[in-house]
1. Which residues, taken from the range 141-162, are open to solvent by 60 Å² or more (accessible area, probe 1.4 Å), without any contact (Cβ under 8 Å) to a residue 40 or more places away in the chain and touching a strand residue (DSSP E or B) at 6+ places or on another chain (Cβ under 7 Å)?
2. Out of the range 101-124, which residues are open to solvent by 40 Å² or more (accessible area, probe 1.4 Å) and part of a loop (DSSP other than H, G, I, E, B)?
3. Please determine whether any residue of the range 90-100 is surrounded by 12 or more Cβ atoms within 10 Å (Cβ to Cβ), in contact with a Phe, Trp or Tyr (Cβ under 8 Å, 6 or more places away or on another chain), part of a loop (DSSP other than H, G, I, E, B) and at pLDDT below 95.
4. For the structure I just gave you, tell me whether Leu138 is touching a strand residue (DSSP E or B) at 6+ places or on another chain (Cβ under 8 Å) and within 20 Å of Asp38 (Cβ to Cβ).
5. Tally up the residues in the range 49-67 that are crowded, with 16+ Cβ neighbours inside 10 Å and over 20 Å from Ser95 (Cβ atoms), please.
6. Name the residues in the range 98-140 that are farther than 23 Å from Arg177 by Cβ, hydrophobic (A, V, I, L, M, F, W, C) and without any contact (Cβ under 8 Å) to a residue 40 or more places away in the chain, would you?
7. Would it be correct to say that Gln152 is polar (S, T, N, Q), out of contact with any His (no Cβ under 8 Å at 6 or more places or on another chain) and closer than 20 Å to Leu172 by Cβ?
8. Taking the options Glu30, Glu36, name whichever one is modelled with pLDDT of 90 or more and either open to solvent by 70 Å² or more (accessible area, probe 1.4 Å) or among the basic types (Lys, Arg) (or both).
Amino acid sequence: MIRFRKLIVVLSVLVVSVGAVALGRRAYVEAIGSDEMDYRGAKIRLSKKYVDYDDYKNDPANLAASEIPRVEKLMTDAQVGPDFADWHDVAHQLSKIKFPGYGMASGDNVVAAGREFAVRFMEIPQVAKERYFVLEKLAGGTFRLADDFVAQRDPGSAFAPISSIHLVDDRLVYADRNGRVVRETPVAR
């Protein structure tokens, strides 16, 4: 009987301790956390308060639902280029558009007919869209924006909407993963 009482006491202390830690964490988040962030000069409301960037980044519903269309507009209306002094300039301008906690990646470079194009794309939060930037590398290490567009991603797919880009007769031809042409853009010399 004494062992049973000791077990009850130990379990009670454990439950109270876990509860105190959880309550303390919640109070800490409420006191220290933030439920908004700055993006391109605007205050964006988050779905809840976050203390830790990783907690924010790993939460698939981290934006307030009413803010999603506004974030999309801010990202798609932002202008870059059209001319860039060097790759550092490209990276600097694109990083100003990328929304914190969401992805930006490189696509395969396009090299054909003595021309070279670099491809970058970034995720637009929670709308299954990506913004693409195709940049032509020019003499002297400068770059020019050859194409800038938004592509819809299949919400149930992990695949990017654009799987390949080819230069055909001074046109950039974009295809999905099934080889279907989804976009063509003329590019000046």
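1. Answer for the range 141-162, where residues must be open to solvent by 60 Å² or more (accessible area, probe 1.4 Å), without any contact (Cβ under 8 Å) to a residue 40 or more places away in the chain and touching a strand residue (DSSP E or B) at 6+ places or on another chain (Cβ under 7 Å): just Gln152.
2. Asp108, Asn109, Ala113, Gly114
3. Narrowing the range 90-100 to residues surrounded by 12 or more Cβ atoms within 10 Å (Cβ to Cβ): 90-94, 97-100.
With the extra rule that they be in contact with a Phe, Trp or Tyr (Cβ under 8 Å, 6 or more places away or on another chain), the set shrinks to 90, 93-94, 99-100.
Retained after the next criterion (residues that are part of a loop (DSSP other than H, G, I, E, B)): 99-100.
From what's left, at pLDDT below 95: none.
Looking for residues that are surrounded by 12 or more Cβ atoms within 10 Å (Cβ to Cβ), in contact with a Phe, Trp or Tyr (Cβ under 8 Å, 6 or more places away or on another chain), part of a loop (DSSP other than H, G, I, E, B) and at pLDDT below 95, one finds none in the range 90-100, hence no.
4. no
5. Counting residues in the range 49-67 that are crowded, with 16+ Cβ neighbours inside 10 Å and over 20 Å from Ser95 (Cβ atoms) gives 4.
6. Result: Leu138, Ala139.
7. On the way: polar (S, T, N, Q): yes; out of contact with any His (no Cβ under 8 Å at 6 or more places or on another chain): yes; closer than 20 Å to Leu172 by Cβ: yes.
It is true that Gln152 is polar (S, T, N, Q), out of contact with any His (no Cβ under 8 Å at 6 or more places or on another chain) and closer than 20 Å to Leu172 by Cβ.
8. Selected residue: Glu36, the only one of Glu30, Glu36 that is modelled with pLDDT of 90 or more and either open to solvent by 70 Å² or more (accessible area, probe 1.4 Å) or among the basic types (Lys, Arg) (or both).
The values are calculated or read from the model by the stated rules, or taken from the named source; none is laboratory data. Everything numeric in this text was worked out from a predicted model, so none of it was measured. Glycine gets a Cβ as well: all are built from the backbone with ideal geometry, and neighbour counts include every protein chain shown. What goes into the accessible areas is simple: the full protein's heavy atoms, side chains included, and nothing from ligands, DNA or RNA. Shrake-Rupley method; radii C 1.70, N 1.55, O 1.52, S 1.80 Å.
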